[in-house]
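The values are calculated or read from the model by the stated rules, or taken from the named source; none is laboratory data. Keep in mind that this is a model prediction, so the values were computed, not measured. Glycine also receives a Cβ, built like all others from the backbone with ideal geometry; neighbour counts cover every protein chain displayed.
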Amino acid sequence: MAEQAEERLQLAVEATKLGIWSVDWKTRKLNISDRSRSIHGVAADREITLEESFDMIDPENRDHVIQQLHAAVDAKTSFSAEHLLHPMDGSAPKWLRSTGKATYNEAGEPILMTGTILDITEEKRNDQRKNDFISMVSHELKTPLTSMNGYIQVLQRNATRNADESSIAVAEKAIRQVERMTRLINGFLNVARLESNQIHIERSCFDLSDLMAEINAETSMQVSSHNVVFAPVETTIVFADRDKIGQVINNLISNAIKYSGHGSSINVACITQNGRAMVSVKDEGMGVNKADLPKLFDRFYRVNNAESQTIAGFGIGLYLCAEIIKRHNGNIWAESELGRGSMFYFTLPVDPKAS
Ligand code: ADP
């Protein structure tokens, strides 16, 4: 019976193309399945240690993977990481997804760690193709859009000269639409840049309260549909990318506007707690289901319900916000009650030199 079960398990593992590995935590000796061996380009009779397998990881990812693995062992949780591998036999580099979990003795010390590896090179390549495509199309769309913007402005100027009120109004609407499209295209370009690691965080020391005051002034000029209220902010010096943090706050405010009714209030605040600045944007809008909350920050994720389907979007705004905040060692999250409104928060470390 046990043998049959084992055989069935083997077949299932084979079908998923998963490689299996386990490591004796004390001796560091790795026991690897045939598939793991071939993925790593390790000869059939060659014994290998955990450390030797780390050496095959691309230097860009190595420290991160090792740290993740040890953190999972310490916290007694599962480990999961994606990384580039340079096989031992010198064959072409591969992308791997590795997972693992340790077992412990009665004293709580790790004895054995077991896990899987999967070759995801093709998946990564497809992602890359998709990114290249998005970035190429976005670039191509930008040029005609810029020209269009110029032409409409000429029309608008002519209409102003001729005091043609209806043409002035139409030109203004056309310009709003061009701006909207420009924002969407820039969003796509940012996603593509981000995924090929071309987003650069340019840090400087600045006062978040100044940035909030600027955003307050812009918002009160541009938004008449909602009552956007900024709470007073004390001097809060952070070492961060000012433009990108501004982009995050603006994004949260425009979402609050997008997903709540005309005339409702939106409250924006920034406080400092335990060495962290915490910015919050609260609305009284449609809210988000509990199950959807953690997924809001995923790429291309949009809540699928009757209300949100009528609101345009691609589900990249919050993804970009999360990636920007992550690169600042901050956190971003949302709380909400369906039908009552949402609160979006993010934190940033306060510059220690400033306090
Ligand atoms: P988009 O708005 O373009 O769809 P986002 O990434 O900004 O993309 O948001 C992802 C999803 O999160 C939205 O589709 C919406 O369902 C939900 N969402 C974001 N902000 C709010 C909010 N303030 N209130 C309710 N739902 C929101």
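I185 meets each of the listed conditions (1) within 16 Å of the ligand (Cβ to nearest atom); (2) in contact (Cβ under 8 Å) with a residue 40 or more places away in the chain; (3) not in a helix (DSSP H, G or I) apart from (3). Confirm whether G108 is under 30 Å from A71 (Cα atoms) and surrounded by 16 or more Cβ atoms within 10 Å (Cβ to Cβ). Against the criterion (under 30 Å from A71 (Cα atoms) and surrounded by 16 or more Cβ atoms within 10 Å (Cβ to Cβ)), G108 does not qualify. Sub-9 Å Cβ pairs linking a first residue in the stretch 115-143 that is within 16 Å of L84 (Cβ to Cβ) to a second residue that is loosely packed, with under 14 Cβ neighbours inside 10 Å, at least 6 apart or interchain, are L118/T16; L118/K17; D119/K17; T121/A92; T121/P93; Q128/S196, ordered by first then second residue. When only residues in the stretch 316-337 that are in a loop (DSSP other than H, G, I, E, B) and in contact with a helix residue (DSSP H, G or I) (Cβ under 8 Å, 6 or more places away or on another chain) count, which is farthest from the ligand (Cβ to nearest atom)? Ranking the qualifying residues of the stretch 316-337, first place goes to H328. Against the numbered list (1) more than 30 Å from D34 (Cβ to Cβ); (2) surrounded by 12 or more Cβ atoms within 10 Å (Cβ to Cβ), G150 comes up short only at (2). Considering F79, F54, F133, the condition of being at pLDDT 95 or above and either farther than 25 Å from I199 by Cα or not aliphatic (A, V, I, L, M) (or both) is satisfied by F54 alone.
Going through G287, G313 one at a time, which residue ends up being within 19 Å of the chain's Cα centre (by Cα), within 8 Å of the ligand (Cβ to nearest atom), outside any helix (DSSP H, G or I) and not hydroxyl-bearing (S, T, Y)? Write out each step before concluding.
On the way: G287 fails: within 19 Å of the chain's Cα centre (by Cα).
Just a single option satisfies the conditions, and that option is G313.
If you go through the stretch 291-300 and keep only what is more than 10 Å from the ligand (Cβ to nearest atom) and more than 10 Å from A334 (Cα to Cα), you end up with just A291.
Taken over the stretch 264-274, the criterion of being farther than 14 Å from M212 by Cβ and either within 16 Å of the ligand (Cβ to nearest atom) or buried (at least 19 other Cβ atoms within 10 Å of the Cβ) (or both) is satisfied by S264, S265. Of all residues in the stretch 220-242, those that are among the charged types (D, E, K, R) and in contact (Cβ under 8 Å) with a residue 40 or more places away in the chain total 1. Restricted to the stretch 113-130, and to residues there that are closer than 22 Å to R299 by Cα and polar (S, T, N, Q), the residue that is modelled with the highest pLDDT is T121. Against the criterion of being under 17 Å from M212 (Cα atoms), away from the ligand (no atom under 13 Å from the Cβ) and touching a helix residue (DSSP H, G or I) at 6+ places or on another chain (Cβ under 7 Å), A277 qualifies.
Within the set I245, I257, the sole residue that is more than 9 Å from the ligand (Cβ to nearest atom), assigned to a helix (DSSP H, G or I), hydrophobic (A, V, I, L, M, F, W, C) and at pLDDT 90 or above turns out to be I245. If I filter the stretch 301-310 down to residues being near the ligand (Cβ under 9 Å from one of its atoms) and part of a loop (DSSP other than H, G, I, E, B), which single residue comes out as nearest to V191 (Cα to Cα)? Taking the candidates together, the pick is Y301. Cβ separations smaller than 8 Å between residues 6+ apart or across chains give the following pairs from the stretch 298-324 residues that are farther than 18 Å from V279 by Cβ and β-branched (V, I, T) to residues that are within 9 Å of the ligand (Cβ to nearest atom) and in a loop (DSSP other than H, G, I, E, B): V303/V288; I311/Y259; I316/R299; I316/F300. Take the conditions (1) over 21 Å from R183 (Cα atoms); (2) over 12 Å from the mean Cα position of the chain (by Cα); (3) at pLDDT 85 or above; N305 misses just one of them, which is (3).
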